[in-house]
Amino acid sequence: MIDIEYSPEVARARAENTPVVALESTIITHGMPYPHNVDTARLVEGDIRAAGATPATIAVLDGRLHVGLDDTRLQQLARAENVAKLSRADLAVCLAGGGTGSTTVAATMIGARLAGIDVFATGGIGGVHKGAETSFDISADLQELARTPVTVVAAGAKAILDVEKTLEVLETLGVPVIAFGQDAFPAFWSASSPLHAPLRLDTAGEIARAHRMRAALDLPGGQLIANPIPAADEIPADELAPVISAAQAKAARRGVTGKAVTPFLLQSIFEATGGRSLTANIALVRNNARLAAAIACALINV
Ligand code: PSU
Ligand code: MN
């Protein structure tokens, strides 16, 4: 079994069997510009503590799997440049070679499971990219949801993705996609979308019971909880559509492929909206962190 380095507060939570929420680190290194990335990470960690759980940001530093980063390490990671973006395929090579990398949703789920953490909060998951019928660009996050038993709280999928195809693939993989408190599948910057979520639950307790029931059924894989952005923070979908198309055209012109696609699109949209996409992004991640903490607390009692 791999030797995990826990932060002092996560080690304490584990010893006392109190609720823990995992957080990814790619959102810090590739999802937001410095210093917004570290400011957001601190706010999100604070939200989780305020809700009665312990935050565990996961990353690989100098060949060690860290579960929980103290403030110095968080700051170092947020400032570092050219950090590797680690998904399922990259994790072992990075650890074996003594490298440093941030974890995507897929790799964070793997780390969370190893650490016995059931719940993980992020912004948006990776999915099926627009044009996947020719590029074959489908995030490994979807496969991970099918195989690793962690409940992931996200604000739905970004409109940089083909959301319909993303939902189809999740259905094929047997991943429960559960909208929180509404019927519509939320579209990241917008609370609603024309698409119906396959499942709906209205309380953290119900989500916790469904998580336990999957384990009792011996089903592999997690659950995707699609939590709508608070109304006050949303950006209407029709306002963003042209910005997203322009970002995609730019990526195609520059020949951006593979792992670089998602970070490139996020940065282009950030610039084109004068930072408004980031403000909404921060609000929805915090909202997801609060729900994830409530689920982690509910799991202690079910
Ligand atoms: N979507 C976002 N913000 C992000 C990501 C996705 O809205 O920061 C990051 C997550 O870490 C996710 C990864 O797991 O991008 C997906 O990358 P790819 O599409 O290369 O699998
Ligand atoms: Mn991809």
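The values are calculated or read from the model by the stated rules, or taken from the named source; none is laboratory data. Nothing here was measured: the structure is a model prediction, and the numbers come from that model. Here Cβ is always computed from backbone atoms with ideal geometry, including for glycine, and neighbour counts include all displayed protein chains. Quick note on the areas: whole protein, heavy atoms, side chains included, nothing else; ligands and nucleic acids left out. Shrake-Rupley method; radii C 1.70, N 1.55, O 1.52, S 1.80 Å.
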Residues of the range 143-182 satisfying the condition of being aliphatic (A, V, I, L, M) and farther than 15 Å from ILE225 by Cβ: ALA146, ALA159, ILE160, LEU161, VAL163, VAL169, LEU173
Single match in ILE110, ILE138 (criterion: β-branched (Val, Ile, Thr), open to solvent by 10 Å² or more (accessible area, probe 1.4 Å) and within 11 Å of ligand 1 (Cβ to nearest atom)): ILE138
Where a residue in the range 90-101 is touching a residue at least 24 places away in the same chain (Cβ under 8 Å) and its partner, wherever it lies, is open to solvent by 70 Å² or more (accessible area, probe 1.4 Å) and not β-branched (Val, Ile, Thr), with Cβ under 8 Å and at least six apart: LEU95/ARG64; GLY98/ASP62; GLY99/ASP62; THR100/ASP62
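Pull up the range 51-103, narrow it to residues that are within 26 Å of ASP118 (Cβ to Cβ) and among the acidic types (Asp, Glu), then point me to the one that is most open to solvent (accessible area, probe 1.4 Å). Show your work before the answer.
First, pick out the residues of the range 51-103 that are within 26 Å of ASP118 (Cβ to Cβ): 51-61, 64-71, 73-74, 77, 85-92, 94-95, 101-103.
This time we only want the ones that are among the acidic types (Asp, Glu), so: 70-71, 90.
Working: ASP70: 64, ASP71: 79, ASP90: 41 Å².
Result: ASP71.
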Selected residue [within 16 Å of ligand 1 (Cβ to nearest atom), closer than 28 Å to ILE110 by Cβ, of a type in the set (Gly, Ala, Ser) and open to solvent by less than 20 Å² (accessible area, probe 1.4 Å)] from ALA191, ALA289, ALA208: ALA289
Of the criteria (1) more than 26 Å from ARG276 (Cα to Cα); (2) open to solvent by less than 30 Å² (accessible area, probe 1.4 Å), which one VAL169 fails: (2)
Count of residues meeting criterion [modelled with pLDDT of 95 or more and either in a strand (DSSP E or B) or within 14 Å of ligand 2 (Cβ to nearest atom) (or both)] in the range 138-161: 11
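Would you pick out the residues in the range 102-129 that are more than 29 Å from THR18 (Cα to Cα) and either in contact (Cβ under 8 Å) with a residue 60 or more places away in the chain or more than 16 Å from ligand 2 (Cβ to nearest atom) (or both)?
Of the range 102-129, the ones more than 29 Å from THR18 (Cα to Cα) are 126-129.
Passing the criteria: GLY126, HIS129.
Within the range 128-162, track down each residue that is basic (Lys, Arg) and farther than 15 Å from VAL175 by Cβ.
Selection gives LYS130, LYS158.
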Matching option when the condition is open to solvent by less than 30 Å² (accessible area, probe 1.4 Å), within 15 Å of ligand 1 (Cβ to nearest atom) and under 12 Å from GLN223 (Cβ atoms), among VAL177, VAL153: VAL153
In the range 33-47, the residues that are farther than 16 Å from GLN76 by Cβ and surrounded by 24 or more Cβ atoms within 10 Å (Cβ to Cβ): VAL44
Test result for PRO220, assigned to a loop (DSSP other than H, G, I, E, B) and surrounded by fewer than 16 Cβ atoms within 10 Å (Cβ to Cβ): yes
